[in-house]
Amino acid sequence: MDHAADAKRTDLMTITRFVLNEQSKHPGSRGDFTILLNHIVLGCKFVCSAVNKAGLAKLIGLAGDTNVQGEEQKKLDVLSNEVFIKALVSSGRTSILVSEEDEEATFVEPSKRGKYCVVFDPLDGSSNIDCGVSIGTIFGIYMVKDGEPTINDVLQPGKNMLAAGYCMYGSSCMFVLSTGSGVNGFTLDPSLGEFILTHPDIKIPRKGKIYSVNEGNAKNWDAPTAKYVENCKFPKDGSPAKSLRYVGSMVADVHRTLLYGGIFMYPADKKSPNGKLRVLYEVFPMSFLMEQAGGQAFTGKQRALDLVPTKIHERSPIFLGSYDDVEEIKALYAAKE
């Protein structure tokens with residue numbers, strides 16, 4: 001990047017301007033979706049600021065309660081969850097909210113209802129806060145079916161999502177979004193308080209040099225996963241071995257996979273037979289982004305976005321990333337069948 005030239009650039013594509021431009025391509029739209037996205041962006045800015053101050057503000061440490069997943073909640077988890085719930089309800093554009101932190105879905109009161117459902121993980125990877133590793137917010141947006149909103153409005157396959165994205169709070173704060181026509185990345189300019197388009201039309205490399213998986217679980221893996229990782233380390237075709245990169249924060253690992261290529265895996269194993277990542281607000285949004293960027297996402301049995309969830313906190317194994325790399329793991333599972 002030419003930073004000197006960037007410093008003099010005056011024509012900045014902010015995320016608001018970008019979304020309004022997208023809106024103008026749909027003559028019938030009333031701007032509801034744009035308003036909803038603006039509220040999500042505001043929530044991300046607030047959380048970004050809170051994450052940056054966490055060490056100073058003594059927000060670090062446990063809030064005392066455990067959430068529905070049995071994970072002890074960090075104060076920042078609780079704060080982030082409240083921020084997003086309030087931002088989404090006050091937008092007046094949502095009917096149902098599903099958060100990783102709340103056991104039950106939140107049904108918005110009729111006077112503030114809109115036509116969208118939002119599923120989200122307010123602060124993914126929050127166990128990494130204490131050591132300064134990147135964490136993030138993940139979200140997906142569905143349209144409510146006609147009539148009174150019910151839980152079935154969010155129990156839809158991922159391919160029905162209208163939009164998905166994440167915000168990563170790392171060395172810089174980055175917002176990655178797809179509304180179903182490609183993937184775009186925006187970076188927060190702290191001096192302006194605005195997200196600026198820095199990564200237009202992200203495309204994942206067709207094949208990558210990196211694999212990302214928690215090797216500590218290797219003794220519990222099934223045969224195809226073990227075989228795939230073996231091939232990454234000791235390739236039979238004379239190609240160089242892949243590098244292992246695993247942060248343990250899904251947003252950071254998927255972000256790197258999206259930009260550099262490769263594969264990210266959280267397979268099922270003997271300890272977690274259904275995998276560990278949650279379908280609605282982790283697997284679906286990241287799979288949606290991967291496919292939009294030209295990659296693939298696979299559960300070990302099927303295309304991830306074809307999965308039909310039956311519970312809001314359902315889990316699934318996931319293999320996502322570069323097209324050719326995911327093809328390899330699919331071939332290994334097909335051979336096992």
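The values are calculated or read from the model by the stated rules, or taken from the named source; none is laboratory data. As the structure is a computational prediction, the values presented were derived from the model and not from experiment. As a convention, Cβ positions derive from the backbone with ideal geometry for all residues, glycine included, and neighbour counts pool all protein chains shown. Quick note on the areas: whole protein, heavy atoms, side chains included, nothing else; ligands and nucleic acids left out. Shrake-Rupley method; radii C 1.70, N 1.55, O 1.52, S 1.80 Å.
If Lys and Arg each add +1 and Asp and Glu each add -1, what is the summed charge of the other residues whose beta carbon sits under 12 Å from the beta carbon of Arg30?
Once all neighbours under 12 Å are counted, the net charge is +1.
Springs between alpha-carbon pairs under 10 angstrom, Gaussian network model over the chain: which of Pro27, Pro200, Pro267 fluctuates most?
Sorting by GNM fluctuation, first place goes to Pro27.
Angle between the Cα long axis of helix 32-57 and the longest principal axis of the chain, 0 to 90 degrees, nearest 10?
70 degrees
I'd like to know which of Ser49, Tyr323, Thr16 lies farthest towards the positive end of the charge dipole of the chain, counting +1 on Cβ of Lys and Arg and -1 on Cβ of Asp and Glu.
Tyr323
Near Gln292, within a Cβ-to-Cβ distance under 13 Å, what is the net charge of the other residues, with Lys and Arg +1 and Asp and Glu -1? Write down the numbers at each step before the final one.
On the way: positive: Lys159, Lys203; negative: Asp201, Glu291.
Here the count lands on 0.
Suppose the Debye formula is applied to equal point scatterers at every Cα of the chain; what is log10 I(q)/I(0) at q = 0.09, 0.10 Å⁻¹?
Evaluating at q = 0.09, 0.10 Å⁻¹ gives log10 I(q)/I(0) of -0.47, -0.58.
At 1.4 Å probe size, with no ligands or nucleic acids counted, give the accessible surface of Ser239 in Å², nearest ten.
Rounded to the nearest 10, that gives 50 Å².
Sort the stretch 144-244 into rounded, prolate or oblate with this rule: let a ≥ b ≥ c be the square roots of the eigenvalues of the Cα gyration tensor; rounded if a/c is under 1.5, and if a/c is not under 1.5, prolate when a/b is larger than b/c, oblate otherwise. Can you show the working numbers first?
Details: a/c = 2.41, a/b = 1.39, b/c = 1.73.
Because a/c hits 1.5 or more and a/b fails to exceed b/c, the stretch 144-244 counts as oblate.
Given only helices, namely DSSP H runs of n ≥ 4 each adding -39500 (n - 2.57), what is the per-residue ellipticity at 222 nm of the chain, to the nearest 500 deg cm²/dmol? Please report the intermediate quantities before stating the final value.
Details: 8 runs with 103 residues, N = 337.
Taken over the chain, the calculation gives -9500 deg cm²/dmol.
Given +1 on the Cβ of Lys and Arg, -1 on the Cβ of Asp and Glu, and no further charges, what dipole in debye does the chain carry about its Cα centre, rounded to the nearest 20?
Working: 38 positive and 40 negative charges, 110 e Å.
With Lys and Arg at +1 and Asp and Glu at -1, about 520 debye.
Give the list, by residue number, of cysteines in the chain with no other Cys Cβ closer than 4.7 Å, or say none.
Taking the Cβ cut-off of 4.7 Å, the unpaired cysteines of the chain are Cys117, Cys131, Cys232.
Putting +1 on Lys and Arg Cβ atoms and -1 on Asp and Glu Cβ atoms, find which of Cys117, Leu37, Ser99 reaches farthest to the positive end of the dipole of the chain.
Towards the positive end, the residue furthest out is Leu37.
Distance in nm between label sites at Lys270 and Asp102, each 7 Å beyond Cα in the beta-carbon direction?
3.9 nm
Go through His255, Phe284, Asn220 and say which Cα lies farthest out towards the positive end of the charge dipole of the stretch 210-335; charges sit on Cβ, +1 for Lys and Arg, -1 for Asp and Glu.
Positive-end residue among those listed: Asn220.
Name the lysines eligible as straight-distance cross-link partners of Lys336: C-alpha to C-alpha under 28 Å, and not fewer than 8 places from it in the same chain.
Lys159, Lys207, Lys209, Lys219, Lys227, Lys233, Lys236, Lys242, Lys270, Lys271, Lys276, Lys301
Under a 5 Å amide H to amide H cut-off, with H placed in plane at 1.01 Å, what residues pair with Val108 once short-range neighbours are removed?
So Val108 has HN proximity to Ile96, Leu97.
Within a Cβ distance under 12 Å of Val183, other residues only, what is the Lys/Arg minus Asp/Glu net charge? Can you show the working numbers first?
Numbers: positive: Lys203; negative: Asp201, Glu291.
Every neighbour counted, the sum reads -1.
Tell me which trypsin sites (Lys or Arg not before Pro) from the stretch 184-282 have a DSSP coil assignment and no more than 15 other beta carbons within 10 Å of their own.
Numbers: sites: Lys203, Arg206, Lys207, Lys209, Lys219, Lys227, Lys233, Lys236, Lys242, Arg245, Arg256, Lys270, Lys271, Lys276, Arg278; in loops: Lys203, Arg206, Lys207, Lys209, Lys236, Lys242, Arg245, Lys270, Lys271, Lys276.
Taking the stretch 184-282 and a limit of 15 other Cβ atoms within 10 Å, the loop trypsin sites (Lys or Arg not before Pro) found are Lys203, Arg206, Lys236, Lys270, Lys271.
Bins of 5 Å, beginning at zero and ending with the bin holding the largest distance: percent of Cα pairs per bin for the stretch 90-202, please.
Per 5 Å bin, starting at zero, the Cα-Cα P(r) for the stretch 90-202 comes out as 2, 11, 18, 19, 19, 16, 11, 4, 1, 0 percent.
Place a +1 charge on the Cβ of each Lys and Arg in the stretch 210-335 and a -1 charge on the Cβ of each Asp and Glu, then give the dipole magnitude about the Cα centre in debye, rounded to the nearest 20.
400 debye
Suppose every K and R has +1 on its Cβ and every D and E has -1 on its Cβ; what is the size of the dipole of the stretch 15-199 about the Cα centre, in Debye to the nearest 20? Walk me through the numbers before you get to the answer.
On the way: 15 positive and 21 negative charges, 160 e Å.
For this selection, approximately 760 debye.
Using a Gaussian network for the chain with springs between C-alpha atoms less than 10 Å apart, which of these wobbles most: Gln292, Gln302, Gln156?
It is Gln302.
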